Amino acid sequence: MGDLRTDLPTAEVLNALLQQHAPDACSGSGAPIRFVPPPPDKPGYERHIHQTGEVPTRPDDWHDFFNALAWCVWPHSKTRCNALHLSAMAEQGGSPGRGRVRDGITQWDECGLLVISTRPALLEGLARHAWREVFWDARAELLASTRFLVFGHALWDALRAPFFGLCAKAVYRPVDEAWLAQPLAAQQAEADVWLADWLARQGMDLGPRSLKPLPVLGIPGVVAESADPAYYQDTRQFRPRRA
């Protein structure tokens, strides 16, 4: 959890923001989303959202603040995550623990990063952990062709004070040049629809192995240290791919 403060937007302000940017946001059951203080009886988080549309949101809490923003920016994908949680619960039939599918959804919801590029070779390089080759050797090409869209609200929280080894769970998507030519708002809206469809297609095949590790501090510009090529030689952070 991030540090507490007293000037983050209230639930009422966040609800107004949601109505402005994603008025049709709904839970996996179709209940309209709204942000509310955590209920005292602490019901199951995803089931409560699914049944009521109420997203428990602690006041003055960075983690919950970024979760609310994620609902504003990724409404279709957040709906799909909620629906998949409930489908996975039904599939488990009361078995203890979250299980593989819910582990994958949770990792994505907390630390997800959608990487979109017009250069498939760069995406392939990232997937095989060619960190220096992509982040440094192809730096100019990467910046011109690739967008890193943060989904995970815990990742946004961590980026307030990036720490050594910060790792995202990435999904890689190649696109054509026309996608990159869209305005930023159109890019984000289209990415949300695409991601919701990707999650639906993964369905019960989704799991932690569906997501790829990506050292966030290697993305050019995230930290000043990445302006030095020697930065990418530290294998504690930029780990080679396992055989």
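The values are calculated or read from the model by the stated rules, or taken from the named source; none is laboratory data. Note that the structure is predicted; figures quoted are calculated from it, not measured. Here Cβ is always computed from backbone atoms with ideal geometry, including for glycine, and neighbour counts include all displayed protein chains. All accessible areas refer to the heavy atoms of the entire protein, side chains included, with ligands and DNA or RNA removed. Shrake-Rupley method; radii C 1.70, N 1.55, O 1.52, S 1.80 Å.
Of the candidates D64, D24, D60, D103, the single residue that is modelled with pLDDT under 95 and among the charged types (D, E, K, R) is D60.
This table checks each residue for (1) farther than 26 Å from A200 by Cβ; (2) touching an Asp or Glu at 6+ places or on another chain (Cβ under 6 Å); (3) of a type in the set (A, V, I, L, M, F, W, C).
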| residue | (1), (2), (3) |
| --- | --- |
| I33 | no, no, yes |
| D41 | yes, no, no |
| H48 | no, no, no |
| R58 | yes, yes, no |
| W62 | yes, yes, yes |
| F65 | yes, no, yes |
| K78 | no, no, no |
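Taking residues in segment 232-243 that are touching a residue at least 60 places away in the same chain (Cβ under 8 Å) and over 12 Å from P215 (Cβ atoms), and partners anywhere that are open to solvent by less than 100 Å² (accessible area, probe 1.4 Å) and assigned to a helix (DSSP H, G or I), the pairs with Cβ atoms closer than 8 Å and at least 6 places apart or on different chains are Q233/R132. For segment 125-183, the tally of residues that are exposed (fewer than 15 other Cβ atoms within 10 Å of the Cβ) and within 20 Å of C111 (Cα to Cα) stands at 7. Taking segment 65-97 as the range and being part of a helix (DSSP H, G or I), crowded, with 17+ Cβ neighbours inside 10 Å and either without any contact (Cβ under 8 Å) to a residue 24 or more places away in the chain or among the aromatic types (F, W, Y) (or both) as the test, the residues that pass are F65, F66, W71. Condition check for G104 on (1) within 19 Å of P208 (Cβ to Cβ); (2) open to solvent by 70 Å² or more (accessible area, probe 1.4 Å); (3) touching a Gly at 6+ places or on another chain (Cβ under 6 Å): one failure, at (2). Would you check if there is a residue in segment 108-116 being of a type outside the set (A, V, I, L, M, F, W, C), surrounded by fewer than 18 Cβ atoms within 10 Å (Cβ to Cβ) and touching a residue at least 24 places away in the same chain (Cβ under 8 Å)? No, segment 108-116 contains no residue that is of a type outside the set (A, V, I, L, M, F, W, C), surrounded by fewer than 18 Cβ atoms within 10 Å (Cβ to Cβ) and touching a residue at least 24 places away in the same chain (Cβ under 8 Å). Checking each residue in segment 34-64 for being of a type in the set (F, W, Y), surrounded by 19 or more Cβ atoms within 10 Å (Cβ to Cβ) and assigned to a helix (DSSP H, G or I) picks out only W62.
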